[in-house]
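These notes are about the structure you will find just below.
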Amino acid sequence: MKAIRPFLILIFAAVIVICAGCSNRVEINDRSIVLGVAIDKPAAPEEEGQGKEQQGGTQTGNQQNQGEDSGSSPQKQESEEFLRPEPPSEGKSPRYAMTIETPIIKALAGGGDGGGGGGGGGPKKLVVSATGDTFWDIERSLSIRIGRQDFYGHLKVLIISEEVAREGILPVMDFFTRRREIQQNIKLAIANGEARKVLEVEPPEEDFAAFYLDSMLQSLYRTSAKINTDMLEIRRDLTDSGNVVLPRVRASSPTEIVAGGAALIKDWKFIGWLSEVETSGYNIARGNVTGGAINIVDPKDPEGLITVLLRGSQIKTSLELVDQKPVYTIEGISEWDIVEKGTETMLWDTSYLAQVEKRLEMEVQRRVIHVIDKMQREFKADVFGFGGMLSQKHPDYWAKVKSQWDDKYFPEAEVYVKVTADIRRTETKT
Amino acid sequence: MLKNSDRITALQMFIILVSTFNAIEVIVVPRVLALTVGQDGWLVLIGGHFLSAIAVFFIVKLGMLYPHETFAEYAPKILGRFLGIPIVAVAAIFWVLICARILRQFADFIQLILPQTPIEVIILTVLLVAGYIARHGIEPIARTIEILFPVFISILGLLVLGSLIEVDLMRLLPILDASPKILALESIKTSFGLEGQEILLMLLPFMAIPEKAYSTVYGALICNLVIRWALFVAVIGFFGVELTKTLVWPVEELSRSLTIGGTFIGRFDSFLISLWVTVAFTSILVFLFLASLTVSRIMKFREQSITVLPLIPLIFIAALLPDSIVTTEEWSDYLSNVWGVFIFTIPPLLLLISYIRGTHKKNSRERLKER
């Protein structure tokens, strides 16, 4: 016994070394990394078989109904003792079509070694769709279209088409918030048109539409006409009030994405678009603005325009109950630079600058008031967090109005907007 | 291996207490509180810890009357063998069940990360490792926890600090939204849920200086209150009450959502989970040790280590009893409520009877004679 003991220990150690490891692992070359997901309504069945190869780079899988080879014949009616399950619903079209954008790693690796100039490689990305009623269902049925296991850990953007959003984004959100591997800083956008088209875009500057869109939605300091939120903030807003403002995207051409404007979600359902100016007003009201330019008419020359650029701003919303009615005051200070002037007027003059500031304040306030007005009158959706503020400061009052806040009390709430503007610099010219 | 002296310092006791308090609850408590009392959870935490402080006072007081004996030895002396031994046996059964419950909740959480690993494998691996350490007595357990604890606390601290940038304290308003009755009820529940306060029943005689027990246990309660508070404020301030209600493991979700300095430190969850696993493991370890110690003292075995292995299959089976994660939480609620009643009634009762019968005086006289 003593003699074989070292060998036993050795074997034991060897077994530990050999058998240890992660039992759930999937090798990187068995994975396809999903960068973007688009959710659409499934296309009509006639389209089946179309679109094998489109626009050089993009490979597309055709959309098919599931359960095509379930060979059950409904006519056959035998005397059955037990209840037979109904055959899979074939006549009904599935609820969603999910499209994923995934890089073709092989093509990427080859292109990288070639020193960038190559370009002779095949397609760099794969855009595949599958249909189904729920997203896990679709995700699993993707495995009959792609050979690798799809991995969502690096997901960047989720695009939902207007049609789907109109029916409600709650079922869509669940898959992307329940699943642990999905990061909660992904971007969510509503597509004006077909969402798949956005992922199919081949931007010249970037290999993947998802990355392109992600970076586009982040640069809020360049303009306030778009929305920069991530999944976490959206979830917060949605669970608090059910209302949220999401970025609007569309594919304007096969190589171009436009991401200005916003989509309004009320009670988890899409109800309307906001234009770029309205989006800017919304951003100012929420205090999200970090940059952006505004044109105003030259006070001395009604033909000419002056452009001012935002350098910094601070917005504060306060709430008071006056005669059992909430009164909100949005107060703000902002600093601007004059960056462009298409007129001959001399602006090196404080009284002139005061006039410009006055107009600027009017313009900013007009934008904010317009968007608040639109929310109160047209959409009846509180997206400014007014309800949440009321619940924090006056919980008793909130308990009374809670159930009818969006439809009755929010439209009646008084909102005052007071934004002061200061012009600080004029760049290099007078 | 170093020889076991079976004595632990006050600091080690403190660390054992805090780790045991924070076994599982630390990552779910914000949700439980959000579901019942919303943003008033921080008040409930104070109330719960205050009640626990009262319960712990009696436990330590009782233990100080018998500074060289454990609960399993003095309970039969106070109540007589016929009443005393069943009560100790009940405690032993509860410790087995609590150990199984922590193990199961722990395994449920690990399955989130390793979805295809069978739960039996996770449970058994942890149990066997815990069994190995528990066989060596209290001192190696204390040293194990002592090594892991500072890292865990610093990770939690980093998590709370990192989330501060996005925490909106307005989300904790309005104060006193829930009715006082619910607040009181939840405070009691929180106090019952603080498993770990009772470990002093068994571990007091192992302390090198038992007189430090009061300061140690109150320090541990305050430290635990601060940890829970910080996490509660961070989670509610970060997610808001409504979203927190929908999260099974809010603190884990917080660690996952957090990015420090843009994208400088992301995916914080990998740190948290790896360290939290070790801390949850320590409380499994402590309860396994408690159960085995109690059983061996009832049976009057000279060695505690021989009762560890027979308990492992019991705990393993008990951990597999609930069929889903929801059942687990429901059952563990019952468990901690019943156990809480036990902990809040039995030690004061024993203390009272001990004073009436003067058992402790007789006992110390006998001990002196033995010497």
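The values are calculated or read from the model by the stated rules, or taken from the named source; none is laboratory data. Owing to the predicted nature of the structure, the values given are computational and were not obtained by experimental measurement. Counting neighbours? That spans all protein chains shown, and the Cβs are built from the backbone with ideal geometry, glycine included. Just so you know, the surface numbers come from the protein's heavy atoms only, side chains and all, with ligands and any DNA or RNA stripped out. Shrake-Rupley method; radii C 1.70, N 1.55, O 1.52, S 1.80 Å.
What to note about this one:
- Net charge, A:Ile227 excluded, C-beta distance under 13 Å - Lys, Arg +1, Asp, Glu -1: -1
- Near-label residues of the stretch B:171-200 by backbone N, under 20 Å of a point 7 Å along Cα→Cβ of B:Trp331: B:193-196
- Carbon plus sulfur fraction of accessible area for the stretch A:286-430, probe 1.4 Å, in percent: 47
- For chain B, the number of Lys pairs with C-alpha atoms closer than 16 Å, counting only pairs eight or more positions apart or on separate chains, is 7.
- Net charge dipole size for chain B [Lys, Arg +1 and Asp, Glu -1 on Cβ; Debye, nearest 20]: 1680
- Seen from B:Gly193, the other residues with C-beta closer than 14 Å to its C-beta sum to a net charge of -3, counting Lys and Arg as +1 and Asp and Glu as -1.
- Per residue solvent-accessible surface (Å²) - the stretch B:222-307, probe of 1.4 Å: 35
- With every protein chain in place, the stretch B:34-370: carbon and sulfur % of accessible area (1.4 Å): 71
- Exposure ranking of B:Cys99, B:Cys223 by accessible area [1.4 Å probe, largest first]: B:Cys223, B:Cys99
- Counting Cα-Cα pairs of the protein assembly as shown in 10 Å increments starting at 0 gives whole-percent bin shares of 2, 11, 17, 19, 17, 15, 10, 6, 2, 1, 0, 0.
- Neighbour cut-off at most 16 other Cβ (10 Å), DSSP loop, GluC sites (Glu not before Pro), the stretch B:134-210: B:Glu166
- Between chain A and chain B, roughly 1900 Å² of accessible surface gets buried, counting both sides and using a 1.4 Å probe.
- Cubic angstrom per residue, convex hull over Cα atoms of the stretch A:150-270: 101
- Among A:Leu390, A:Ile338, A:Ile372 - extreme Cα towards positive end, dipole of the stretch A:286-430, charges at beta-carbon: A:Leu390
- Among beta bridges from DSSP that stay inside the protein assembly as shown, the antiparallel ones total about 65%.
- Surface analysis of the stretch B:85-178 yields an accessible area of 43 Å² per residue, using protein heavy atoms and a 1.4 Å probe.
- Alpha-carbon centroids, the stretch B:177-245 and the stretch B:57-93: separation in whole Å: 24
- Annotation: amide H of A:Leu274 within the under-5 Å range of A:Ala262, A:Ala263, A:Leu264, sequence separation 5 or more or interchain, hydrogens built in the peptide plane.
- Among residues other than A:Gly332 with Cβ under 9 Å from its Cβ, the summed charge is +1 (Lys and Arg +1, Asp and Glu -1).
- Protein-only accessible surface order, largest first, of A:Arg179, A:Arg366 at 1.4 Å: A:Arg366, A:Arg179
- Once backbone amide H atoms are built at 1.01 Å from N, A:Ser252 has A:Ile257, A:Val258 as its partners under 5 Å, excluding neighbours fewer than 5 places away on the same chain.
- Alpha-carbon centroid distance for the pair the stretch A:200-233 / the stretch A:328-355, whole angstrom: 30
- Backbone N under 17 Å from the B:Ala53 label point (7 Å along Cα→Cβ), restricted to the stretch B:16-47: B:18, B:42-47
- Shielded by partner chains, the stretch B:150-193 residues - at least 20 Å² of accessible area, 1.4 Å probe, vs chain alone: B:Glu166, B:Met170, B:Arg171, B:Leu173, B:Pro174
- Those residues of the stretch B:239-259 for which accessible area with every protein chain present is at least 40 Å² below the isolated value (1.4 Å probe): B:Glu242, B:Leu243, B:Arg256
- Helices assigned as whole DSSP H runs in chain B whose Cα atoms extend at least 27 Å along their own long axis and whose mean Kyte-Doolittle hydropathy is 1.6 or higher are found at B:41-65, B:81-113, B:138-163, B:213-239, B:269-298.
- Treating r as the C-beta distance of B:Leu128 and B:Phe301 and R0 as 25 Å, the FRET efficiency rounds to 0.70.
- Rg/Rg_globular for the stretch B:34-370, with Rg_globular taken as 2.2 N^0.38 Å and Rg from C-alpha atoms: 1.05
- Alpha-carbon Rg/Rh ratio, for the stretch B:107-224, with Rh computed the Kirkwood way: 1.04
- Across the protein chains, with a 1.4 Å probe defining accessible surface, the residues B:His49, A:His370 rank A:His370, B:His49 from largest area downward.
- Subset of A:Lys269/A:Lys374; A:Lys197/A:Lys269; A:Lys226/A:Lys402; A:Lys226/A:Lys429 violating a 24 Å alpha-carbon distance limit: A:Lys226/A:Lys402; A:Lys226/A:Lys429
- Largest GNM mean-square fluctuation across B:Gly38, B:Gly63, B:Gly358, computed for chain B with C-alpha springs under 10 Å, falls on B:Gly358.
- Looking at the stretch A:286-430, the DSSP beta bridges with both ends there are about 65 percent antiparallel.
- Percentage, to the nearest whole number, of Cα pairs in the stretch A:286-430 over 19 Å apart: 57
- Chain-alone versus full-assembly comparison, the stretch A:382-396, residues with accessible loss of at least 40 Å² (1.4 Å probe): A:Gln392
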